[in-house]
Amino acid sequence: MKLVKILFITLAAYIPNAWSATDYNIKYSSNYLMPAYVHFKADGTQYSVSAKINIPLYNIVFHSRGTQTVNQFNMVNYQDSRNGKIYSVSKISPTTIEYGKIKDDLKTESLKLPTFDLFTMAFQLSYYDKLPNSFQITNGKNSIQWKM
């Protein structure tokens, strides 16, 4: 009986992490010849999202990463690059969010709500099938609060 309990506890600890391992690549093509590629990855403790949009003579790459809990992604870093150069960033600590264009001074605000970029918000909604009641969105340049 003790062996069964140990086996059950071990499986209970392992299965959520095994089920949560996700690695998706999505390619979007339009009639405007501007393909977009999005890579969503989550391993049960961390996540990352990379999106690449190829506009003729202009390449945009969005990258965000953070930690993963049982019900939410917690973003810690967001970066927007244009033609290989960093354009804007968001850096999130447990108490502050620092964001802005690289060419300007970054703004620092106290962190009061969970924060997502648009791609992490889409991943949160598809992965967990829900969003927090209140959260904020950042695109690196701005931070906007959202309430459901």
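No lab work stands behind these numbers, since they all come straight from the coordinates. This structure is a prediction, so every number in the text was calculated from the model and none was measured. Positions of Cβ are generated from backbone atoms using ideal geometry, with glycine treated the same way; all protein chains shown enter the neighbour counts.
A few comments on the model shown:
- Fraction of alpha-carbon pairs over 17 Å apart in the range 20-147 - percent: 58 percent
- Antiparallel DSSP beta bridges within the range 45-148, as percent of all bridges there, nearest 5: 95 percent
- Ascending count of other beta-carbon atoms within 10 Å, so fewest first, for Glu98, Glu109: Glu109, Glu98
- In percent, rounded to a whole number, the relative contact order of the range 20-147 is 15, using alpha-carbon pairs under 8 Å and six or more apart.
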